[in-house]
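*Asks:* Before we start, here is the structure in question, set down as C-alpha cells.
The values are calculated or read from the model by the stated rules, or taken from the named source; none is laboratory data. In this text the structure is predicted, and so the values were computed from the model without any measurement. Don't worry about glycine lacking a Cβ; one is built from the backbone with ideal geometry, like all the others, and counts go over all protein chains shown. Accessible surface is based on the protein model in full, side chains and every heavy atom, while ligands, DNA and RNA are left aside. Shrake-Rupley method; radii C 1.70, N 1.55, O 1.52, S 1.80 Å.
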Amino acid sequence: MRAVDLSAVKRPGRRRSGHDELAWWREARFGLFIHWGLYAIPAGVWKGRRAPYIGEWLMFRERIPVDTYAKLARRFHPRHWDPAAIVRLAKEAGTGYLVITAKHHEGFAMFRSAASPYNVVDATPWHCDPMVGLARECRRQGIRLCFYYSQDLDWHHPDGAWNDWDFDPAKKNPERYFREKVFPQLTELLTNYGPVGMIWFDTPLTLSAADSAALRRHVKRLQPNCLVSGRIGHGLGDYSLPRDNFLPPGRLNGDWETCATLNHTWGFKRHDHAWKSSANLITTLVDLASKGSNYLLNIGPDADGVVPAQSVARLRAIGAWLRVNGAAIRGASPSPFGYEFPWGRITARGRTLYFHFFGPPPRRFRLHGLRTRVRKISALAAPRTSFSFRQSDDEKTGTSILDVDFTGARRVKPVTVFAVELAAAPQVEPQTLQQPGHAITFIGPMARVGTDAKKPAMRIGGNGLSENWRNTDDFLTWRFTVLRPGTYDVTVVTTHQHLEPWSGGHALRLESAGQTLRQTTKRDVVLPGLRSAYYPQVGTRFGRLKFDRPGRYSLRLQAERVKLSKKNRTLFSDGGMQFSEIRLTPEH
Ligand code: JFZ
C-alpha cells in the first residue's frame with residue numbers, strides 16, 4: 001500500500017455548484033485552533049510522572065482504561081471559561097475563524113449530546129455547554145465558528161478506532177460507531193449552534209472512501225456551505241492539510257492550511273514552556289501566506305478554561321503586526337515566484353506585490369525575474385513614503401532586474417513590508433532562477449518528474465515533497481538560469497517522513513552542465529530556518545558544479561540506490577527517500 005497524503009484533496013481548489021464556499025476562508029488566511037477537553041485536567045502529568053508527547057494523547061500513550069479516564073469528567077468545572085474573552089482574543093489576534101475540539105480522540109463531547117452521556121453537560125458537575133456561549137459570541141463578534149471532530153479515533157467508544165487495551169479490535173463494529181455516535185453528534189453540531197463554518201475532521205486512519213463520502217454528504221446535507229477539512233480522508237476535503245507544524249518548500253497548488261502549536265502540544269500541558277517567539281509566529285504566518293497556505297494556530301486552555309498568558313501575549317503581538325500589515329496577508333495570494341527568498345517572502349493582491357523582509361531592509365535591493373513594470377514602491381506601514389527604483393534586463397540572459405533604493409526605510413519588527421504597485425498583473429520568470437546573492441534553489445514543485453520506466457512511481461506531493469521515491473528509474477529535472485558564472489557548492493536536502501526519524505543512505509546521481517556528481521545522502525549539515533524546526537532539512541554535500549558562462553541550464557537528480565526503510569510502510573510514511581530541495585551556493 002502506498003503511503004497516502006492523508007489530507008490532500010484530489011481536486012485542489014475545486015469549486016462546487018458555482019458558489020465559492022472557500023471565499024471567507026481564503027480571505028481570513030489565519031485561524032485560531034482551540035484544543036480543550038478532559039486532557040486539560042491531567043495536563044501532561046499521570047501518576048506523578050510527566051508524560052511525553054502531546055497532551056491530548058495521554059489516554060493512548062499511558063493506555064489508561066476507559067473507566068479510569070472517564071472519572072476525570074467528575075472533576076471538570078472550568079470556573080474561568082469566558083467565551084466572550086476567547087472570541088475577543090481571536091479577533092485581537094487577527095484571525096477570521098476559530099476551530100474548537102468538539103470531540104477529540106478521547107471520545108468526550110465538549111457539547112450537549114443526546115447521542116452519548118459522555119459529554120460536558122451530563123458527565124460533569126459544570127453541566128454547561130460551552131459551545132452555546134461560543135456560538136453566540138462568534139456571531140456577535142463576527143468570527144466564523146468551526147468544530148474539530150475526530151470521526152475515526154475514539155478511545156472511549158468500544159467501536160471507535162485505536163483503543164485496543166480495553167476493547168478487542170476483532171470485535172469492533174465501526175459501522176455501529178458511525179451510526180450510534182458520529183452521525184448523531186455531527187447532526188447535533190450542525191443543528192444546535194447556528195451556521196458552522198467548517199467541520200475540521202481529523203486522522204482518518206481506518207475509514208474507507210465510502211465512509212469519508214458519507215461523512216461529507218451528511219455535513220453538506222445539514223449545512224451546504226459548511227466546509228470540511230482535508231482530514232475527512234480520501235481526498236474529499238474542501239482543502240488540504242499537510243502534517244502538523246509543516247512548512248512547505250515552496251508555493252502549493254490549491255488550498256492548504258497548516259495547523260500549528262504555540263509550544264509543542266495541542267492540549268494543555270503544565271510543563272510545556274517551549275513557547276515560540278512572536279517573531280517566529282509572524283514570520284511563519286508570512287511564509288505560509290506566501291505559499292498559498294492558511295495558518296491555524298492553536299491555544300490549549302487549562303482545566304479552568306484559562307488560556308495561558310504566554311499564548312495570549314503572542315496572539316496579541318501577531319494581531320498588532322496584522323493591524324499594520326494585514327493587507328499583505330488577509331485575502332492575499334501566494335507569491336508569483338514559486339520559491340522562497342533568503343531575505344524574506346512575497347505575497348500578492350491584484351496588481352500589488354508585497355515584499356516581506358525578515359531582517360532590516362537593505363539600502364540597495366535587487367530582485368531577478370519580475371517582468372512587469374513597477375509604478376510605485378512604498379512602505380506598507382507608511383503609505384506616503386516612496387522609494388526610488390530602476391528596472392533593466394540582464395544583457396547576457398535577458399533576465400529582468402529590479403533595483404530598489406530603500407534608503408531611509410524604517411524597520412518594522414519582525415517583518416517589514418513594502419507595497420510594490422505594478423502597471424499590470426505580475427508576470428515573473430517561471431523557471432528556477434539565480435537570485436542576487438547568487439544561491440540557486442531547486443524545489444520539487446518546480447521540477448518535472450521523469451522516468452526510465454514506462455511511468456513514474458514517484459511524484460511530488462501536494463505538500464511540495466517527493467512521495468514514493470523508492471526506485472532508480474524515476475528522476476527530477478529542472479531548467480534554470482545562471483546569471484553569474486562560477487563554481488558552486490551543491491547540497492542535496494532530504495527530510496524525514498511524518499513520525500519517522502530521518503534516514504540517509506540513498507545513493508544519488510546529479511547531472512548538470514556536462515558534470516556528474518555522485519554521493520550517498522548523509523547528515524553533513526542541517527539547514528537553518530523555519531522549516532527545520534519540526535522537519536529538519538538535512539543537507540548532504542555533493543561537491544561542486546562549474547558554470548562557465550551565464551545562460552540556461554538543466555539539472556537532473558536520480559537515485560542509483562534507494563535505501564528502503566525496513567519498517568512497513570505506514571499511512572504516513574512510504575519508506576522511500578523524502579526529497580526536499582537542492583541548493584547551489586557560490587563556493588566559499
Ligand atoms: C492530529 C491529532 O492526533 C492531534 O492530537 C492534534 O489534534 C492534531 C491537530 O491532529 O494529529 C495529526 C493528524 C494527522 C497528521 C499528523 C498529526 N498527518 O496527517 O501527518
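*Asks:* Kirkwood hydrodynamic radius (Cα pairs, Å) of the stretch 234-284?
*Replies:* Details: mean 1/r = 0.0770 Å⁻¹.
One over the average 1/r among Cα pairs gives 13.0 Å for the stretch 234-284.
*Asks:* Turning to a different aspect of this structure: In debye to the nearest 20, how big a dipole does the stretch 23-327 give about its Cα centre with +1 on each Lys and Arg Cβ and -1 on each Asp and Glu Cβ?
*Replies:* Numbers: 38 positive and 29 negative charges, 125 e Å.
It works out to roughly 600 debye.
*Asks:* Order the peptides 164-171, 335-342 from the highest to the lowest mean number of other Cβ atoms within 10 Å of their residues.
*Replies:* Details: 164-171: 11.1, 335-342: 21.0.
Peptide ranking by packing, descending: 335-342, 164-171.
*Asks:* A follow-up question, please. May I ask you to list the aspartates and glutamates whose Cα is less than 16 Å away from that of K396, ignoring any residue fewer than eight positions away on the same chain?
*Replies:* By straight Cα distance, K396 reaches E429, D548.
*Asks:* With a 1.4 Å probe and all protein chains left in place, how much of the accessible area of the chain comes from carbon and sulfur atoms, in whole percent? Kindly include the intermediate steps, with their values, before the conclusion.
*Replies:* Working: 11780 of 23130 Å².
The computed percentage sits at 51.
*Asks:* Using only Cα atoms, figure out Rg for the chain and give it as a multiple of 2.2 N^0.38 Å.
*Replies:* Numbers: Rg = 24.9 Å, N = 588, 2.2 N^0.38 = 24.8 Å.
Dividing the Cα radius of gyration by 2.2 N^0.38 Å gives 1.00.
*Asks:* If you average 1/r across every pair of different Cα atoms in the stretch 23-327 and take the reciprocal, what Kirkwood value do you get, in Å?
*Replies:* 19.4 Å
*Asks:* Sticking with this one: Report the one residue of T283, G326, T399 whose Cα lies farthest in the direction of the positive end of the charge dipole of the chain (charges on C-beta: Lys and Arg +1, Asp and Glu -1; origin at the Cα centre).
*Replies:* Farthest along the dipole direction, towards plus: T399.
*Asks:* I would also like to ask the following. With a 1.4 Å probe and all protein chains left in place, how much accessible area per residue does the chain have, in Å²? It would help to have the intermediate numbers written out before the result.
*Replies:* Working: 23130 Å² over 588 residues.
In whole numbers, the chain has 39 Å² accessible per residue.
*Asks:* With just the Cα atoms of the stretch 440-586, tell me how far they stretch along each of the three principal axes, in Å, largest first.
*Replies:* 47, 38, 25
*Asks:* What shape does the stretch 56-149 have by the C-alpha gyration tensor, where a ≥ b ≥ c are the square roots of the eigenvalues, rounded means a/c under 1.5, and otherwise prolate means a/b greater than b/c and oblate the rest? Before the final figure, lay out the partial values.
*Replies:* Numbers: a/c = 2.24, a/b = 1.79, b/c = 1.25.
The shape class here is prolate.
*Asks:* Which value at 222 nm does the chain reach when only helices count, each DSSP H run of 4 or more adding -39,500 (n - 2.57), with the total divided by all residues and rounded to the nearest 500 deg cm²/dmol?
*Replies:* Numbers: 10 runs with 93 residues, N = 588.
Counting only the DSSP helices, I get -4500 deg cm²/dmol.
*Asks:* Moving on. Give the lysines reachable from K567 as a straight Cα distance under 25 Å; neighbours fewer than 8 places away on the same chain don't count.
*Replies:* In chain and number order, the partners are K522.
*Asks:* Answer with one residue from T385, L370, A424: the one whose Cα lies farthest towards the positive end of the charge dipole of the stretch 344-430, charges on Cβ with Lys, Arg +1 and Asp, Glu -1.
*Replies:* Toward the positive end, the furthest listed residue is T385.
*Asks:* Return the lysines within reach of K172: Cα separation strictly under 17 angstrom, same-chain partners fewer than 8 residues apart disregarded; answer none if there are no such residues.
*Replies:* K181
*Asks:* In degrees between 0 and 90, to the nearest 10, how far off the longest principal axis of the chain does helix 278-290 point, with axes built from Cα atoms?
*Replies:* That helix lies at roughly 70 degrees to the long axis.
*Asks:* Please give the helix 309-325 orientation as an angle from the longest Cα principal axis of the chain, in degrees from 0 to 90, rounded to the nearest 10.
*Replies:* For 309-325 against the chain, the angle is about 50 degrees.
*Asks:* Within 10 Å, count the other beta carbons around each residue, average over each peptide in 282-293, 343-354, 64-75, and list them highest first.
*Replies:* On the way: 282-293: 24.7, 343-354: 20.2, 64-75: 15.8.
Packing order, densest peptide first, comes out as 282-293, 343-354, 64-75.
*Asks:* Looking at this model, which pairs from K47/K171; K276/K413; K454/K563; K454/K566; K276/K376; K71/K276 are more than 24 angstrom apart at the alpha-carbon? Please report the intermediate quantities before stating the final value.
*Replies:* Numbers: K47/K171 30 Å; K276/K413 16 Å; K454/K563 22 Å; K454/K566 27 Å; K276/K376 36 Å; K71/K276 33 Å.
In this structure, K47/K171; K454/K566; K276/K376; K71/K276 lie more than 24 Å apart at Cα.
*Asks:* Across bins of 10 angstrom width beginning at 0, how are the C-alpha pair distances of the stretch 514-573 distributed, in whole percent?
*Replies:* Taking every Cα pair in the stretch 514-573, the percentages come to 16, 32, 39, 12, 3.
*Asks:* Quick one: putting +1 on the C-beta of Lys and Arg, -1 on the C-beta of Asp and Glu, what dipole do you get for the chain around its Cα centre, in Debye to the nearest 20? Don't skip to the answer; put the middle values down first.
*Replies:* On the way: 85 positive and 53 negative charges, 260 e Å.
Here the size comes out at about 1240 debye.
*Asks:* Would you tally the net charge around T203, using a Cβ to Cβ cut-off of less than 10 Å, leaving T203 out, and scoring K and R as +1, D and E as -1?
*Replies:* Details: positive: R231; negative: D152, D202.
Net charge in that neighbourhood comes out at -1.
*Asks:* Across the stretch 264-359, how large is the tail of the calculated P(r) beyond 15 Å, expressed as a percent of all Cα pairs? Write down the numbers at each step before the final one.
*Replies:* Values: 2879 of 4560 pairs.
That tail contains 63 percent of the Cα-Cα pairs.
*Asks:* At each listed q (0.10, 0.12, 0.14, 0.26 Å⁻¹), what is the log10 of I(q)/I(0) that the Debye formula gives for the stretch 344-430 modelled as equal alpha-carbon point scatterers?
*Replies:* -0.23, -0.33, -0.45, -1.47
*Asks:* Looking only at the chain, where both bridge partners belong to it, what percent of the DSSP beta bridges are antiparallel (to the nearest 5)?
*Replies:* Antiparallel bridges: around 75 percent, rounded to the nearest 5.
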